[in-house]
1. Kindly rank 211-223, 252-264 from highest to lowest mean number of other beta carbons found within 10 Å of each residue.
2. Read phi for every residue in region 202-218 and hand back ³J(HN,Hα) as whole Hz from Karplus 6.51 cos²θ - 1.76 cosθ + 1.60, θ = phi - 60°, with x for Gly and Pro.
3. Given the C-alpha centroids of region 13-78 and region 297-344, what is the distance between them in whole angstrom?
4. Per DSSP H run of n ≥ 4, the term is -39500 (n - 2.57); total these for the chain, divide by its residue number, and report the mean residue ellipticity at 222 nm rounded to 500 deg cm²/dmol.
5. Hey, what do the phi angles of region 29-39 turn into as Karplus ³J(HN,Hα) couplings, whole Hz, using 6.51/-1.76/1.60 and θ = phi - 60°, x for Gly and Pro?
6. Can you pull the one-decimal nm distance between simple spin-label points at Asp123 and Asp278, each 7 Å off the Cα toward Cβ?
7. Arrange Glu181, Glu13 by Cβ neighbour counts within 10 Å, fewest through most, would you?
8. With r as the distance between the Cβ atoms of Asn186 and Val395 and R0 = 30 Å, compute the FRET efficiency 1/(1 + (r/R0)^6) and round to 0.05.
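Just so it is clear, none of the values below were taken in a lab; they were calculated from the coordinates. Given the structure is predicted, the values throughout are model-derived calculations rather than measurements. Positions of Cβ are generated from backbone atoms using ideal geometry, with glycine treated the same way; all protein chains shown enter the neighbour counts.
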Amino acid sequence: MERPTLTLKNNEERRLRAGHLWVFSNEVDTKKTPLTAFTPGQEAVVTASRGRPIGVATVNPGSLISARIMDQDPETRLDADFFRARLREALAIRSRLYPTPHYRLLFSEGDHVPGLILDRYGDVIVGQLNTAGMDSRKELILEAILAELAPSAVIWRNDSPTRDFEGLPRIVEVAYGTAPENLAINEDGALFAVPALGGQKTGWFYDMRENRSRLCRLVGGRTVLDLFAYAGAFSVRAALAGAASVTCLDSSEAACAMAADNAARNGVADRVEVVRADAAAFLEECAAAGRTFDVVSLDPPALVKRKKDLEAGLKVYERLNRLAMDVLAEDGLLLTCSCSQHVDAYELRRAALRAAMARGRRGQILDQGRQGPDHPAHPAMAETDYLKSFLLRLVQQ
């Protein structure tokens, strides 16, 4: 079947020729190809203004990102075989990276499947279809998953705010099999469980695994504070790595319950104190009481969701870093992180530096991190390199 063409305005193809995958609505020549002629999720061939093909894409006329390039070959068909090939390509590197099947299997643009996220929890697959293009192909994607992985269950956690921008409803559903009560995770030998149909995002934050692993090498015999701890991934691993004590803090009652269960599951409940509190308030109380920690992990949720909020968000990052430094012991370690796409590494580094100067601390960067390799960044899309972290050693001036 012949596919429609989406034509760009003159000179708007340069970014796409360099490998970027997004076509914005203001880049489309609507006189030649009106966006209103397309249905959400429709497959189309994107061409430069003079007709030269750029690639095959899915189109959503109602979104700011009106098209997403799926493949540079304009002859490619977005069928089950296409998704099977992408899955095999992703599996080839994950199987080399991780000894057990617990990882992000497909990372949207990073794995050249814009709008599709799949996480693997043993024989259970949890996914998000975040664009109209992927949502309209969920049966093809499911067919590919069943053929390549033979899972016991596939769950769609389609409750991301991203779907709002695509005009898609938020819904959680079991697409195949019977969902277990909990998803099981094996992270470097530590065992965790989170609700299969609840919790945050797709259930687990695989992207921080390598950052947790590196910091765990330095916690032996130390007192540790894990802020915004969610289900206790770092808290439990720090205790298993020999931390003298761990304070695991989150503001969510459900998250605290998960963290406590996971500490018990790994036999470290006696060294993991789970605290439900607001992070800033807790830090202020500890500082007032003179309580300090040798190691602090500061991994807040995204504080800058829109570019226009950058200045205000950076002030919040700086304040949280100052408060964390107030409870950091002399010669202490602070892991400071940002998963905000609009905050780059330089800005996070500057926020931490300003906090250190305000608190009279002299800092050294021991390590700079990013998301794990199961969240590969697209080399032409800085947007996909979203997670930044710095491990700081801080001493008094």
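1. 252-264, 211-223
2. Residue by residue, region 202-218 yields 8, x, 9, 9, 4, 5, 8, 4, 5, 5, 5, 4, 5, 5, 4, 5, 10 Hz.
3. Rounded to whole Å, the Cα centres lie 37 Å apart.
4. Numbers: 11 runs with 113 residues, N = 397.
Rounded to the nearest 500, the figure is -8500 deg cm²/dmol.
5. 7, 6, 6, 7, 9, x, 4, 5, 7, 9, 9
6. The modelled label-to-label distance comes out at 4.7 nm.
7. Numbers: Glu181 8, Glu13 20.
Taking fewest neighbouring Cβ atoms as first place, the list is Glu181, Glu13.
8. Details: r = 37 Å, r/R0 = 1.23.
Using R0 = 30 Å, I get an efficiency of 0.20.
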